[in-house]
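Everything below concerns the one structure shown next.
Bear in mind that the values in this text are calculations on the coordinates, not laboratory data. If you're wondering where the values come from, they're calculated on a predicted model, not measured in any experiment. For neighbour counting, all protein chains shown are included, and Cβ atoms are generated from backbone atoms with ideal geometry for every residue, glycine included.
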Amino acid sequence: MIRKIKGTQDILPNEIEKWHEIEETMRNVAKIFNFSEIRTPIFEASELFHRSVGETTDIVKKETYDFKDRGSRMNTLRPEGTAGVVRSVIENKLYTDPNLPLKLYYYGPMFRYERPQKGRQRQFHQFGAEIIGSNSSLVDAEVINFAATYLKALKINDINIRVNSLGDRESKDRYQLALNEYLEPNIHNLCEDCNRRYKENPLRVLDCKVDKDSETLKNAPKPLDYLSDNAKVHFDQVIMALDQIGLNYTIDKNLVRGLDYYTHTVFEIDSDLETLGAQSTLVGGGRYNNLYQSLEGPDLPAIGFAFGVERLLLALEAINQEEVKPQIHCYFINLGDVFENESLKIINQLRRGGLIVDYDYFNKSLKAQFKQADRMNPRFYLIYGDEEAKKGVVNVKPTNSKDQVEVRIEDLYQYLINQLTQNTGCSSCEGCSGCH
Ligand code: HAM
């Protein structure tokens, strides 16, 4: 039997409601913050990720899914969404929009060849957002607020926002020198991977998962202590804006992030919820002011974040949310000959009007049809047999009461709509699924 590939997951029908909730909330919050969606390809030229995420990062070094296409070009399944958005903004000249900054969000599968565990997969989903074309520190705070607001909308309240600054080019150069000087006599204390990283890109030593709690790394210089005057002003303003918004955050001097493109503000939000296990970071992001130019685009400062959707689902598991059983509007119980009577016509008319209607395809007994109906959780049973067919009516029985009324077939749709809207007070209803 062929099985799914390690680190991938089927999303089954009984799990899909939670995904829809995550996606719907994402679109609602994106709308409130006035972001538009962008969709980019799932695979790109490998070079894009080498030049953006960085040659020496774990992602590019060990985790990308690379393949040669039939024309011998090297392609990579996207390990993250930012690089594709940057490529697309440059290629489609979206930056010529007079209404900068661009505020874009994206959602979809990403691929990293990591060791699978709870909250870490080889195919996973990200919801990401990017603001492109503004250097304002208000934008940094806006992006962090967007991420925090989304978590609040999902009722994930047990969160820690950690922020730090890597500074501009000048700050990063100064920091790099200090880090090199510090690591040179100490690098022998660290693992083999760290020794390789030290030679290739010393900043990446700070990502080490093996030595992250070692005295050597704990005592290493911190980027925040090497900020240029401009970078310091920028970060101070971000902090002032976060304070004004009223977000709780901590400054985490050790936060550097695992991708090479960051400058200035970086942030992560994690949660102590038990269901997350070791992978407690729900979202990570930061500013990347030099990436557009390094990919031959214009000088466009930008900042963004990406959530791991599977981790959001794990977080939601911990929150004692009442299971909402999906509901349909009507289950049509047919007691006569479906090919002779009008049942298919009636069902179709109700569906065309937007009502969710289901029925039995197997010519089951009355009892079995009721049983099947109850599994679907309808608001109404519609009962239709030879007697009703003769009279041109349908028997409508709400599932939450003993009443039953005969309704003429031509009045049936309007009758059901009236009943559905009466109970919810929803005035704009055309039989939408909100009417439950
Ligand atoms: P990242 O920190 O590599 O950043 O990933 C962001 C989030 O994706 C993580 O915090 C985590 O929730 C989720 N994630 C990453 N890898 C996996 C995995 N193997 N399985 C499950 N979830 C995972 C980025 O990707 C940047 N592009 C974020 C960004 C956008 N920075 C600026 N703009």
Discussion item. With equal scatterers on the alpha carbons only and no solvent term, can you work out the Debye log10 of I(q)/I(0) for the stretch 329-435 at 0.10 1/Å?
Written reply: -0.25
Discussion item. What do you get for trypsin sites (Lys or Arg not before Pro) in the stretch 140-202 restricted to DSSP loop and a cutoff of at most 15 other Cβ within 10 Å of the site's Cβ?
Written reply: Lys155
Response to the item:
For the pair Asn28 and Asp403, the simple spin-label estimate (label points 7 Å beyond Cα toward Cβ) gives in nm 3.0 nm
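Computed over the Cα atoms, what is the radius of gyration of the stretch 69-226 divided by 2.2 N^0.38 Å, N being its residue count?
In units of the globular-protein estimate, the stretch 69-226 measures up at 1.29.
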Worksheet item: In Å, what is the Rg of the alpha-carbon atoms in the stretch 17-70, and how long is Dmax?
Response: 16.3, 44
Fill in: When each of Lys152/Lys253; Lys61/Lys218; Lys61/Lys199; Lys367/Lys391; Lys93/Lys232 is checked by Cα-Cα distance, pairs over 20 Å
Lys152/Lys253; Lys61/Lys218; Lys367/Lys391; Lys93/Lys232
Discussion item. Between Asp386 and Asn201, what is 0.36 nm times their sequence separation minus the Cα-Cα distance? Round to one decimal in nm.
Written reply: 58.6 nm
Worksheet item: In whole Å, how far is the Cα centre of the stretch 276-305 from that of the stretch 116-140?
Response: 7 Å
Item to complete: Compute the Rg to Rh ratio over the stretch 224-356 from the alpha carbon atoms, using the Kirkwood formula for Rh, and round to two decimal places.
Response: 1.30
Practice prompt. First measure r as the distance between the Cβ atoms of Phe67 and Lys93, then evaluate 1/(1 + (r/R0)^6) with R0 = 22 Å and state the FRET efficiency to the nearest 0.05.
Written response: 0.15
Item to complete: Using DSSP to define loop residues, name the trypsin sites (Lys or Arg not before Pro) in the stretch 218-263 whose beta-carbon has at most 15 other beta-carbon atoms within 10 Å.
Response: Lys253
Practice prompt. Report the extension gain between Gln9 and Lys218 in nm, rounded to one decimal, defined as 0.36 nm multiplied by the number of residues separating them, less their alpha carbon distance.
Written response: 71.5 nm
Discussion item. Nearest 500 deg cm²/dmol is fine: what mean residue ellipticity at 222 nm does the chain get from its DSSP H runs of n ≥ 4 alone, each adding -39,500 (n - 2.57), divided by its residue count?
Written reply: -10500 deg cm²/dmol
Practice prompt. Rounded to the nearest Å, what's the spacing between the alpha carbon centres of the stretch 355-406 and the stretch 4-46? Just the number, please.
Written response: 36 Å
Worksheet item: Using just the C-alpha positions of the chain as equal point scatterers, what log10 of I(q)/I(0) does the Debye formula give at each q in 0.08, 0.12 1/Å?
Response: -0.60, -1.01
Worksheet, complete the sentence: The answer for the longest stretch of the chain without any exposed chymotrypsin sites (Phe, Trp or Tyr not before Pro) (DSSP loop, at most 10 further Cβ atoms within 10 Å) is 1-338
Discussion item. Need one number for the stretch 7-113: average projected area of the convex hull over its C-alpha atoms, nm².
Written reply: 8.9 nm²
Discussion item. Counting only GluC sites (Glu not before Pro) that sit in a DSSP loop (anything but H, G, I, E, B) with at most 15 other Cβ atoms within 10 Å, what is the longest stretch of the chain containing none of them?
Written reply: 56-295
Item to complete: At 0.36 nm per residue, minus the direct Cα-Cα distance, what do Leu366 and Gln279 gain on full extension? Give it in nm, one decimal, please.
Response: 26.3 nm
